[in-house]
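Note sheet for the following structure.
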Amino acid sequence: MIGSTLTEEGRNKLCGLLQRNINIFSWKPADMTGVRRHIAEHHLNIREGCSPVRQKKRGQTTDRNQTIQEEVGKLVESGIMKEVHYDDCLSNLVMVKKHDDNWRMCVDFKDLNKACPKDGYPLPETDLKVESLCGFPFKCFLDAYKGYH
């Protein structure tokens, strides 16, 4: 979506810039291959003495389960995700309805959040960051293809 206050010339320049650089955007999970593991992998800072928690498995309705299978299949096919077996630690998937009636797959990290210390440098509030853009002629809102990776 391009701002309605943008002039026709500005719109054409912005569209041209995006079209010339279209190859830098990921449009589907398969486009995100080639990122080295040491760059994308992270480790959790878990408090000393916290034992792993295995959440009780929650069932999903048929339509949600089908969406989960499709999304996980895309991620496995592209090499972003692989099947592993953890007997001592497990979190459930939670399906969240989006405004366009599609489903977003999330993970329930409530128990994991309890075991991790609070971050001394939390991410800024999104609404405050958007509000700080007021008065600037150009704004860019990218939603990383209906989610974030």
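Overview of results
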{"quantity": "Filter result for Arg47 (in contact (Cβ under 8 Å) with a residue 40 or more places away in the chain, exposed (fewer than 13 other Cβ atoms within 10 Å of the Cβ), among the basic types (Lys, Arg) and within 30 Å of Pro117 (Cβ to Cβ))", "calculated": "yes"}
{"quantity": "Where a residue in the stretch 115-134 is modelled with pLDDT of 70 or more and its partner, wherever it lies, is surrounded by fewer than 10 Cβ atoms within 10 Å (Cβ to Cβ) and part of a loop (DSSP other than H, G, I, E, B), with Cβ under 8 Å and at least six apart", "calculated": "Ala115/Arg47; Cys116/Leu44; Cys116/Asn45; Cys116/Arg47; Pro117/Asn45; Pro117/Arg47"}
{"quantity": "Filter result for the condition that a residue is over 26 Å from Val35 (Cα atoms) and surrounded by 15 or more Cβ atoms within 10 Å (Cβ to Cβ), over Asn92, Asn113, Asn65", "calculated": "Asn92"}
{"quantity": "Among the candidates Arg58, Arg47, residue that is modelled with pLDDT of 80 or more, at negative phi and in contact with a Cys (Cβ under 8 Å, 6 or more places away or on another chain)", "calculated": "Arg47"}
{"quantity": "Subset of the stretch 4-28 (residues that are hydroxyl-bearing (Ser, Thr, Tyr) and either in contact with a strand residue (DSSP E or B) (Cβ under 7 Å, 6 or more places away or on another chain) or exposed (fewer than 10 other Cβ atoms within 10 Å of the Cβ) (or both))", "calculated": "Ser4, Thr5, Thr7"}
{"quantity": "Odd one out for Asp31 among (1) surrounded by 10 or more Cβ atoms within 10 Å (Cβ to Cβ); (2) out of contact with any helix residue (DSSP H, G or I) (no Cβ under 8 Å at 6 or more places or on another chain); (3) closer than 29 Å to Asp119 by Cα", "calculated": "(3)"}
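The values are calculated or read from the model by the stated rules, or taken from the named source; none is laboratory data. These numbers come from a predicted model, not from an experiment. When we count neighbours, we look across all protein chains shown, and the Cβ atoms used for this are built from the backbone with ideal geometry, even at glycine.
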